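Asker: One structure coming up, written as structure tokens, with questions to follow.
The values are calculated or read from the model by the stated rules, or taken from the named source; none is laboratory data. Because the structure is predicted, anything quoted here is derived from the model rather than measured. Backbone-built Cβ (ideal geometry, glycine too); neighbour counts: all protein chains shown. Accessible surface is based on the protein model in full, side chains and every heavy atom, while ligands, DNA and RNA are left aside. Shrake-Rupley method; radii C 1.70, N 1.55, O 1.52, S 1.80 Å.
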Amino acid sequence: MTVQLTRQEARRIAIRAQLLAEPRPADLVEVVRRLTLLQVDLTPAVGPSADIVLWSRLGSDYKPADLEEAVGNQALVELKGFLRPAEDIALYRADMADWPGRAPLTDWQEDVRAWVEANNGCRLDILDRLRRDAPLAARQIPDTTTVAWKSSGWTNDRNVGRLLEFMESRGEVAVAGRQGRERVWDLAERIYPDDTVIPADQAERLRNERRLRALGIARAKTTSMPGEPGDVGETGELAAVEGVRGTWRVDPEQLGQTFSGRTAILSPLDRLVFDRKRMTELFEFDYQLEMYKPAAKRRWGYFALPVLHGDRLVGKVDAATGHAAKVLRVNAIHEDVAFTKAMAHGVHTEIESLALCLGLKARF
């Protein structure tokens, strides 16, 4: 049987699942467990995306030092650019053991395996150096590769950094933390919990279930997304959304729940809006991250922050951090719909709260 949902019902499911409705959650690690991940992105325009995501859930009680503490005591662990609850690493260990993937391999996977094998001496050197001196940044590890990494992008000839990333995928090394923007590495056995490895098929099913619980509603299959999938396989209940083509999967625990909305300002990388196609289908919201566009072609700003009010995305805040002056400068507030007094008050209150979280003063 297919669950029939209006767009509003689908939006409310997504918002509740992402902890953006009332009441606010209270515990940082529990928030990450519910969201399953925090994307590590250190774009300096406003603040680190992970901080904005946590603040938008926890509110004015959240401080960036709280996240640093959770990473420092390894309650949260970074894996491939995402902070995850430490216990969730067990859901990826089977894939690590099967690196670079299960047969049949693609040409790219074969090439990567051959490159790592050709540089096995450097791999062993890295393990030995980390065993003695960790944590270390990539720049602190001598490059003893015999075959250079070739790429048309920014990783070209960054041999140690690329090898460390493949060794992370193999479960040999792990990110131990960061020094500023730079990752520092250690042996995985010192960072990852010694939990029982979950078989690959079971782990995939559990990841899909947790992802659907975090998203509330998602496609069974979507186009590939960088870092973390946006689809959930056959978990949950089959659903159709009025006015939207195709079928969805919905978390049955979200059905029939009451909804109490609030105002929230979101990171452009927030999971509510990260899948732009899903965002457009459910919220009918026009948005692009414009940091890679020339300034003259931007409509909303370099790192515009989407505005959620109730069950609609209603605008964007164009803001930038001026650390020298200790201010959060609001260049513009773009209204997709005419703001009511309640909307305007909610947005201004949230901007003041965000500035306080970042140790700044809001300037409009």
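Asker: Using a 10 Å cut-off on Cβ atoms, rank the peptides 230-241, 316-327 from the highest mean neighbour count down. List each step's numbers first, then the result.
Answerer: Working: 230-241: 18.9, 316-327: 16.7.
So the peptides 230-241, 316-327, ranked by packing, come out 230-241, 316-327.
Asker: Same structure again: Among Leu28, Thr321, Ala118, pick out the residue whose Cα is farthest towards the positive end of the charge dipole of the chain, where Lys and Arg carry +1 and Asp and Glu carry -1 on C-beta, about the Cα centre.
Answerer: Thr321
Asker: What lysines sit close enough to Lys150 to cross-link, taking a C-alpha to C-alpha distance under 23 Å and skipping anything fewer than 8 places away on the same chain?
Answerer: Lys150 reaches Lys80.
Asker: While we're here: When the convex hull of the Cα atoms of the range 210-265 is projected onto a plane and the area is averaged over all directions, what value comes out in nm²? Intermediate results must be reported in sequence, preceding the final value.
Answerer: Numbers: hull surface 21.4 nm².
The directionally averaged projection comes out at 5.4 nm².
Asker: Based on the Cα coordinates of the range 1-122, what is the per residue volume of their convex hull in Å³? All intermediate terms of the calculation are to be shown ahead of the outcome.
Answerer: Working: hull volume 26.9 nm³, N = 122.
Convex hull of Cα atoms, per residue: 220 Å³.
Asker: Amide H neighbours of Val184 under 5 Å, counting only residues 5+ apart in sequence or on other chains, H built in-plane at 1.01 Å?
Answerer: Counting only residues 5 or more places away or on other chains, the set is Ala176, Gly177, Arg178, Gln179.
Asker: Another question, if that's okay. Assigning unit charges at the beta carbon (Lys, Arg +1; Asp, Glu -1) and nothing else, what dipole magnitude in debye, to the nearest 20, does the range 84-241 show about its Cα centre? Numbers along the way, then the final one.
Answerer: On the way: 24 positive and 28 negative charges, 94 e Å.
Here the size comes out at about 460 debye.
Asker: Okay, next question. Grab the other residues whose beta carbon is less than 15 angstrom from that of Arg132, score K and R as +1, D and E as -1, and report the net. All intermediate terms of the calculation are to be shown ahead of the outcome.
Answerer: Numbers: positive: Arg129, Arg131, Arg190; negative: Asp125, Asp128, Asp133, Asp186, Glu189.
So the surrounding residues net to -2.
Asker: Now, a different point. Size of the range 88-183 along its principal axes in angstrom, Cα-based, largest extent first?
Answerer: Principal axes ranked by extent give 38, 33, 24 Å for the Cα atoms.
Asker: Pick from Ala200, Ala94, Ala296: which is most flexible by mean-square fluctuation in a GNM of the chain where alpha carbon atoms under 10 Å apart are linked?
Answerer: Result: Ala296 has the largest fluctuation of those listed.
Asker: If you line up the long axis of helix 107-118 against the longest principal axis of the chain, both from Cα atoms, how many degrees apart are they, to the nearest 10?
Answerer: 40
Asker: Could you give me the ³J(HN,Hα) list for the range 283-293, computed from phi with Karplus coefficients 6.51, -1.76, 1.60 and θ = phi - 60°, whole Hz, x at Gly and Pro?
Answerer: 9, 6, 10, 8, 7, 9, 7, 9, 5, 9, 8
Asker: Which ³J(HN,Hα) values in Hz, rounded to whole numbers, follow from the phi angles of the range 202-215 under the Karplus curve 6.51 cos²θ - 1.76 cosθ + 1.60, where θ = phi - 60° and Gly and Pro get x?
Answerer: Each residue of the range 202-215 in turn: 5, 5, 4, 5, 5, 4, 4, 5, 5, 5, 5, 4, 6, 8 Hz.
Asker: With a Förster radius of 30 Å, plug the Cβ-Cβ distance of Ala342 and Glu284 into 1/(1 + (r/R0)^6) and report the FRET value to the nearest 0.05.
Answerer: Efficiency computed from Cβ-Cβ geometry: 0.90.
Asker: Separate question: Under a GNM of the chain (C-alpha, springs under 10 Å), which listed residue has the highest mean-square fluctuation: Gly246, Gly171, Gly216?
Answerer: Comparing Gly246, Gly171, Gly216 in the GNM, the peak value goes to Gly246.
Asker: Follow-up. For the chain, which whole percent of the accessible surface, found with a 1.4 angstrom probe, sits on carbon and sulfur atoms?
Answerer: Working: 8620 of 17460 Å².
Accessible surface attributable to carbon and sulfur in the chain totals 49 percent.
Asker: Using only alpha carbons, build the gyration tensor for the range 164-269 and give me the equivalent ellipsoid semi-axes, biggest first, whole Å. Each step should come with its number before you reach the end.
Answerer: Working: eigenvalues 219, 74, 40 Å².
Working through the eigenvalues yields semi-axes of 33, 19, 14 Å.
Asker: Starting from the Cα of Lys361, draw a straight line to each of the lysines and keep only those under 24 Å, dropping any in the same chain fewer than 8 residues away.
Answerer: Lys361 reaches Lys63, Lys316, Lys326, Lys341.
Asker: Which order do Asp61, Asp251 take when ranked by solvent-accessible area (1.4 Å probe, heavy atoms of all protein chains), largest first? Intermediate results must be reported in sequence, preceding the final value.
Answerer: Values: Asp61 125, Asp251 15 Å².
Largest accessible area first, the list is Asp61, Asp251.
Asker: In the range 266-364, if the dipole is taken from +1 on Lys/Arg beta carbons and -1 on Asp/Glu beta carbons about the Cα centre, which of Phe364, Leu308, Ala295 is farthest to the positive end?
Answerer: Ala295
Asker: Related question: Spelling out what I want: for every residue of the range 59-74, take phi, set θ = phi - 60°, compute 6.51 cos²θ - 1.76 cosθ + 1.60 (Karplus), and round to whole Hz; glycine and proline get x.
Answerer: Computed from phi, the couplings for the range 59-74 are x, 5, 6, 6, 10, x, 4, 5, 5, 4, 5, 5, 6, x, 8, 6 Hz.
Asker: Hey, what's the Kirkwood Rh for the range 257-364 if you take every pair of different alpha carbons, in angstrom?
Answerer: Across the range 257-364, the inverse of the average 1/r is 14.5 Å.
Asker: What does the accessible area per residue of the chain come to in Å², with a 1.4 Å probe and no ligands, DNA or RNA counted? Show your work: numbers first, answer last.
Answerer: Working: 17460 Å² over 364 residues.
The answer is 48 Å² per residue.
Asker: Could I ask something else about it? With +1 assigned to the C-beta of every Lys and Arg and -1 to the C-beta of every Asp and Glu, and no other charges, what is the dipole magnitude of the chain about the Cα centre in debye, to the nearest 20? Mind showing how you got there, number by number?
Answerer: Numbers: 52 positive and 54 negative charges, 232 e Å.
My answer is approximately 1120 debye.
Asker: Taking the 0 to 90 degree range and rounding to the nearest ten, how far is the long axis of helix 341-357 tilted relative to the main principal axis of the chain, both from C-alpha atoms?
Answerer: Long axis of 341-357 versus the principal axis of the chain: about 30 degrees.
Asker: Moving on. Roughly what angle does helix 159-169 make with the longest principal axis of the chain, taking Cα atoms, 0 to 90 degrees, to the nearest 10?
Answerer: 70
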